[in-house]
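Just below is one structure, and these are the notes that go with it.
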Amino acid sequence: MADKGIATILVSKKPFTVHDMETLEQIGRDMDFKFLMSPRYSCDETLSLIASGGDLRNFLDRFPSDISIPTDDRPFFSSQTVSMIY
């Protein structure tokens with residue numbers, strides 16, 4: 001299946017059980033989904049860092065774009081950029 005650029009995030013107030021994870025992984029395989037991250041796997045160190053719940057200040061300071069949380073003084077649309085390919 002071609003990558004359509006769509007992702008789904010599943011969250012829970014309680015950690016997913018082993019049975020939950022096995023079921024989700026089996027359904028994902030059956031539907032030919034690509035898992036980017038789960039409690040068992042991450043395809044990218046950056047995703048792991050962001051999902052860790054740790055202090056991200058150093059990461060955000062070094063990131064090439066402003067992806068910090070928007071505020072009333074700096075709403076989300078002020079941080080959008082337009083990229084052009086030549």
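Tabulate in residue order the Karplus-calculated ³J(HN,Hα) for segment 55-65, using 6.51 cos²θ - 1.76 cosθ + 1.60 with θ = phi - 60°, rounded to whole Hz; enter x for Gly and Pro.
Those phi angles translate into 6, 9, 4, 5, 4, 5, 5, 8, 5, x, 10 Hz.
Suppose R0 equals 35 Å; then what is the FRET efficiency for HIS19 and ARG62 from their Cβ-Cβ distance, rounded to the nearest 0.05?
Calculated transfer efficiency: 0.35.
Quick note: the coordinates plus some simple rules give every number you see, no bench work behind them. Here the structure is a predicted model, which means the values were calculated and not measured. Here the Cβ is made from the backbone with ideal geometry for all residues, glycine too, and neighbour counts use every protein chain on show.
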